[in-house]
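**Student:** Quick one: this structure, given as structure tokens, is what I'll be asking you about.
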Amino acid sequence: MDWSPLYISLKTSFCATLIAFVLGVAAARMLLSLPPKTKGVIDGILTLPLVLPPTVIGFLLLIFFGWNSPVGFALREIGVRIIFSWYAAVIAATVVAFPLVYRTVRASFEQIDPDILDAARTLGLSERTIFFRIMLPCAKNGCIAGVILGFTRALGEFGATLMIAGNIPGRTQTIPVAIWSAVQSDEMNVAMFWVLLVIVLSFIVIIPLNLYNEKH
């Protein structure tokens with residue numbers, strides 16, 4: 001039994017979730033200070049991967065990082081290859097996980113009482129201190145939920161990953177891609193094994209979140 005899809009999926013999901021969390025928190029914080037009209041436009045752009053078909057996301061990433069694109073050419077000049085590599089799988093998983101993290105964290109930030117932040121500013125605290133000492137602790141539940149939702153979404157990413165990272169056993173073959181490959185090869189028992197494993201992993205991740213929310 002080749003366990004590499006499990007290792008690749010976990011490694012990809014952890015990295016993608018970490019990147020999505022950092023970017024999601026930064027984006028959520030940035031939007032708080034923008035005018036409503038500007039905020040609506042940027043929010044729509046950042047949320048777009050949540051509603052677009054994964055194959056569309058994969059195609060756009062393929063165009064953006066393709067060998068003939070400016071970005072792909074620049075990376076190729078310094079010896080970095082994105083397309084059909086593990087890095088491509090991380091990028092695809094990050095793009096689809098980001099909206100879930102961003103929306104969840106943003107909702108938590110918006111629930112913070114503005115009077116608390118204004119009082120902190122009146123006391124002379126810097127925006128950096130307010131963010132790390134007040135906003136993040138107050139939005140802790142949203143951050144935890146965002147991370148868990150982002151991780152499960154990254155774990156289940158298929159369409160964009162297949163288009164930009166391909167199906168290379170031992171390198172880019174994640175569990176969803178392994179399921180697709182097994183079905184294509186009529187190996188239904190193998191496909192069922194991976195399906196059940198993904199379900200178990202998702203339950204392991206989601207159940208603690210539900211228990212945590214009930215306590216808080």
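**Student:** Limiting things to C-alpha atoms, what are the Rg and the maximum Cα-Cα separation (Dmax) for segment 127-216, in angstroms?
**Tutor:** Gyration radius and largest Cα-Cα distance of segment 127-216: 17.9, 57 Å.
**Student:** Less than 14 Å from a label point 7 Å out along the Cα-to-Cβ axis of Ser185: which backbone N atoms in segment 1-25 qualify, by residue?
**Tutor:** Within reach of a label on Ser185: 1-6.
**Student:** Considering the zone a paramagnetic label at Ala107 would reach in this model (a point 7 Å from Cα along the Cα-to-Cβ line), which residues of segment 1-43 have amide N under 13 Å from it?
**Tutor:** Nothing falls inside the zone, counting backbone N under 13 Å.
**Student:** What does the charge count around Phe14 come to, taking other residues whose C-beta lies under 15 Å from its C-beta (Lys +1, Arg +1, Asp -1, Glu -1)?
**Tutor:** The answer is +1.
**Student:** Along each principal axis of its Cα atoms, how long is the chain end to end? Whole angstroms, biggest number first, please.
**Tutor:** Reported extents, whole Å, longest axis first: 65, 46, 28.
**Student:** Note down the relative contact order for segment 4-215 as a percent, whole number, built from C-alpha pairs under 8 angstrom at least six residues apart.
**Tutor:** Value for segment 4-215: 32 percent.
**Student:** How big is the Cα convex hull of segment 33-84 in projection, averaged over all directions, in nm²?
**Tutor:** 5.2
Computed from the coordinates by the stated procedures, all read-outs in this text should not be read as laboratory data. From a predicted model like this one, the values you see are computed outputs, not experimental measurements. Cβ coordinates were reconstructed from backbone atoms using ideal geometry, including for glycine residues, and neighbour counts include every protein chain displayed.
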